[in-house]
Amino acid sequence: MADASAGGGCAPQDYPTIDPTSFDVVLCGTGLPESVLAAACAAAGKTVLHVDPNPFYGSLFSSLPLPSLPSFLSPSPSDDPVPSPSADTSAAASDAAIDLRRRNLYSEVETSGAVPEPSRRFTVDLVGPRLLYCADEAVDLLLRSGGSHHVEFKSVEGGTLLYWDGDLYPVPDSRQAIFKDTTLQLKEKNLLFRFFKLVQAHIAASAAAGEGEASGKLSDEDLDLPFIEFLKKQNLSPKMRAVVLYAIAMADYDQDGVDSCERLLTTREGVKTIALYSSSIGRFANAEGAFIYPMYGHGELPQAFCRCAAVLRMPATALLVDEEKKRYVGLRLASGQDILCQQLILDPSYEIPSLDMPCNAPVLNLPRKVARGICIISSSVKQDSSNVLVVFPPKSLEEEQVTAVQVLQLSSNLAVCPPGMFMAYLSTPCTDAFTGKKCINKAIDVLFSAKDSNDLEDHLEKNSEENKESVKPTLFWSCLYVQEIIQGTSGTALLCPIPDENLDYRSILESTKKLFTDICPNEEFLPRNSAPKYASDDDSDSAEALYST
């Protein structure tokens, strides 16, 4: 768990001298992409220097004690490293230094309510809500890198709930769940079961025949269709289409507006996610459902990958530029030492000025945004369930709603809050802060009730058997904010991907793998034999070692 309130490390005169002073790859920041890249580059035989100005792992992907959240979302100017005027003679005479600056990616921060004491027992994720599929590539990377020895997971055993026509419904994601669902008519059950059977036949045929023709595979014409059009061809009702699109295929944008949809899902993409969802169910013998969540929060993931190589706790103060070749060639550290490299990689909170324009030139492309919310609540939104995912499809909260709202409820069994309390994370993509926060607030109003003036002290007593049937959990505290989603950059200085609006890490890992290919074009990305050897462990290749019962 991170502690953003801790100091920035040693005094400048106490920083160690780095030897050698030149590396193949230098990375600044310990977010998940930077940490994975550091492990992958080291496994590929590159010389790697990994530095981080923070006393904790994770950067923008970290898990923080709740009291540290405000200073992270709204940092003061004094939190930036002070440029070092002195420098050693490692850099060439033609190299110039450009002061390294950080951008604030968070805005519109709004808190309400009171945090139950002790507040440090609450751990908050900056990337929430976020999950891993049991069959996720991120899980495989943890196994291949040896990071699986440093992180444990628990399942989201409460499954997924869909908000539809003013009520929450369990998502029927398997044959057993479909026929147990008392809210579905028999015709709906048969059509949904037939659809899943059709998709499973395609998945099985594709696995057996690769990309060639095979009996049972969907046609290319169907695979290239908008997924919603394919679902309509299967005669699925609007509710069942919402189940497949937003609670299983995890579409973020309104798929009904085919012409105006920001991100239209094809059948090929939808079937691929259904295949991942289906293969995740049952991968761990003791896990319930398709999703797992890391104990102590998502900040444990970059920390696990950082175990593959040492991290130097030292701020970087400047970028080194070869003015003749117009390329970045290294970093100046807070110690004043210049470090040279073939490839420089920074976390996305840093600004990388273009060498073809002034440092203060405006950025013309507007970044995407995601509105996020963090809540502390009194009880579970689903009786007798600890960890639950809730999905609000587009138009379910209001007619103008064009994006899905995803809500993840977590309990104390993940060591993120005290017993008897629950954390809830909400997010939705947005084009502006007002629209995004409006959707988040509407979802909060649907799920939770406002706290009475004097009920916090009596919460544990009231949270007894006779009160388990209460209509809504009580909301004690909430924090809403908007995060920019900027694009990673390539060139002589790479900017890693930022936490995005997605529920999982697939897009982030895909971007990270592309960066690795730019650096090591002929190398395998974290091959299986790259994992460190642990003498006391005989099942380092076993996925079961990740799952905590």
| For region 171-241, max minus min Cα coordinate along each principal axis, in Å, sorted largest first? | 40, 24, 16
| query | Using the Kirkwood radius built from alpha carbon pairs, what does the Stokes-Einstein equation give as D for region 278-398 at 10 °C and 1.306 mPa s, in µm² per second? | reply | 78
| query | Taking the simple approach of a point 7 Å from Cα along Cα-to-Cβ for both residue 518 and residue 112, what is their distance in nm? | reply | 4.2
| task | For region 178-250, build the charge dipole from Cβ charges (+1 Lys, Arg; -1 Asp, Glu) around the Cα centre, then report which of 182, 240, 227 sits farthest towards its positive end. | result | 182
| said: Using the alpha carbons of region 365-411, what is the convex hull volume per residue in cubic angstrom, as a whole number? | reply: 103
| Are any of the pairs 233/472; 395/472; 217/382 more than 28 Å apart by Cα-Cα distance, and if so, which? | 233/472; 217/382
| query | Roughly how big is region 136-195's charge dipole about its Cα centre, with Cβ charges of +1 (Lys, Arg) and -1 (Asp, Glu), in debye to the nearest 20? | reply | 320
| If the limit is 29 Å between Cα atoms, which of 154/187; 154/272; 325/513 go over it? | 154/187
| task | Quick one: pull the percentage of alpha-carbon pairs in region 226-297 with a separation above 16 Å. | result | 54
| remark: Rg/Rh of region 148-206 (Cα atoms, Kirkwood Rh), to two decimals, equals 1.12
| request: Would you calculate the separation in nanometres between label points at residue 193 and residue 99, each defined as 7 Å from the Cα along the Cα-to-beta-carbon direction? | output: 6.9
| request: Give the Cα extents of region 309-348 along the principal axes, in whole Å, largest first. | output: 32, 21, 18
| remark: Note on region 217-344: C-alpha Rg/Rh, Kirkwood Rh, two decimals, gives 1.21
| query | Going 7 Å from the Cα of residue 47 in the Cα-to-Cβ direction, what parts of region 305-339 have a backbone nitrogen less than 15 Å from that spot? | reply | 330-331, 338-339
| Measuring from centroid to centroid over Cα atoms, what is the spacing of region 234-301 and region 484-524 in Å? | 22
| said: Can you give the Rg/Rh ratio of region 128-271, where Rg is from the C-alpha atoms and Rh is the Kirkwood radius? | reply: 0.99
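Readers should treat all values here as calculations from the given coordinates under stated rules, not as data from a laboratory. The structure displayed is predicted, hence computed values, not measured ones. We place every Cβ from the backbone using ideal geometry, glycine too, and count neighbours over all the protein chains shown.
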